[in-house]
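**Q** This is the structure, below, for whatever I ask next.
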Amino acid sequence: ERTKDLRSALDKVKILNEELSDLSTMDQVTGVRNRRYFDDMLDREFRRAKRNQTPLSLIMIDLDHFKSINDNYGHLAGDVCLKTVSQGVYDIVKRPPDLVCRYGGEELAVILPETSFEGTMLLAERIRHHIEQLKIQANDQLISLTASFGVHSVIPSDSITCDDMIQLADEALYRAKKEGRNLVCSSALGS
């Protein structure tokens, strides 16, 4: 009887610890995973892709002119926009190993294990089109927005790190912004 009670209590503690861990890795505004979780999972997927010699892709997404949304409609409306976009990206990125995270501010990151450069570019374009078509209801206003994208794909080796991958995707993202926004650009090494 005592052993049964102890097992039951341990099972409850395990469930509570899992729930607490889940809460600590979720972004409260967007409902997707947070930056800490992103960093851990990118490292894990990078090591797995390196070991298996399979492609790993990263999409960085930054909402265009987001400051003006906060300035014109308020921060609560900005939060509604972030949540709506994040949930839309989450719904599009369907495979179980794929991961959508809030990278920071108005940036999202998508980790795509075992996904080719071509497949990643197609998915990024599909997400870009989805965001462009959104009409988000906030404060009795319909808000439209766009996003810029940076893509990097690689079969990991000793010559590249997770930080390099992020930097290359980020450079592609800022090239998309510089070239007019609402674009998908890839890093020069992506393929």
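The values are calculated or read from the model by the stated rules, or taken from the named source; none is laboratory data. All figures in this text were calculated on a predicted structure; none of them were measured in a lab. As a convention, Cβ positions derive from the backbone with ideal geometry for all residues, glycine included, and neighbour counts pool all protein chains shown. When the accessible area is computed, the model is the full protein with side chains, heavy atoms only, and any ligands, DNA or RNA have been set aside. Shrake-Rupley method; radii C 1.70, N 1.55, O 1.52, S 1.80 Å.
**Q** Restricting attention to segment 131-175, which residues are of a type in the set (D, E, K, R) and under 29 Å from THR84 (Cβ atoms)?
**A** GLU132, LYS135, ASP140, ASP170, GLU171, ARG175
**Q** Which of (1) in contact (Cβ under 8 Å) with a residue 12 or more places away in the chain; (2) farther than 30 Å from ASN139 by Cα; (3) basic (Lys, Arg) is the odd one out, the single condition ARG35 does not satisfy?
**A** (2)
**Q** Right, another one. Can you name every residue in segment 44-94 that is hydroxyl-bearing (Ser, Thr, Tyr) and touching a residue at least 60 places away in the same chain (Cβ under 8 Å)?
**A** Of everything in segment 44-94, those that are hydroxyl-bearing (Ser, Thr, Tyr) and touching a residue at least 60 places away in the same chain (Cβ under 8 Å) turn out to be THR54, SER57, TYR73.
**Q** Which one is most open to solvent (accessible area, probe 1.4 Å), of the residues in segment 95-121 that are in contact (Cβ under 8 Å) with a residue 24 or more places away in the chain, under 23 Å from TYR37 (Cβ atoms) and in a loop (DSSP other than H, G, I, E, B)?
**A** Checked segment 95-121; the qualifying residue most open to solvent (accessible area, probe 1.4 Å) is GLU114.
**Q** Next question. Might you let me know whether segment 170-181 holds any residue that is basic (Lys, Arg), open to solvent by 10 Å² or more (accessible area, probe 1.4 Å) and touching a Leu at 6+ places or on another chain (Cβ under 7 Å)?
**A** no
**Q** Another question, then. So SER153 clears everything in (1) out of contact with any Asp or Glu (no Cβ under 9 Å at 6 or more places or on another chain); (2) outside any helix (DSSP H, G or I); (3) at pLDDT 95 or above except one condition, right? Which one?
**A** Checking SER153 against (1) out of contact with any Asp or Glu (no Cβ under 9 Å at 6 or more places or on another chain); (2) outside any helix (DSSP H, G or I); (3) at pLDDT 95 or above, the one that fails is (1).
**Q** Please go through segment 122-142 and give me each residue that is open to solvent by less than 50 Å² (accessible area, probe 1.4 Å) and modelled with pLDDT of 95 or more, ordered by number.
**A** Within segment 122-142, LEU123, ALA124, ILE127, ARG128, ILE131, LEU134, ILE136 qualify.
**Q** Same structure, new question: Take the residues in segment 23-70 that are part of a strand (DSSP E or B) and open to solvent by 30 Å² or more (accessible area, probe 1.4 Å); name whichever of them is modelled with the highest pLDDT.
**A** Checked segment 23-70; the qualifying residue modelled with the highest pLDDT is ARG33.
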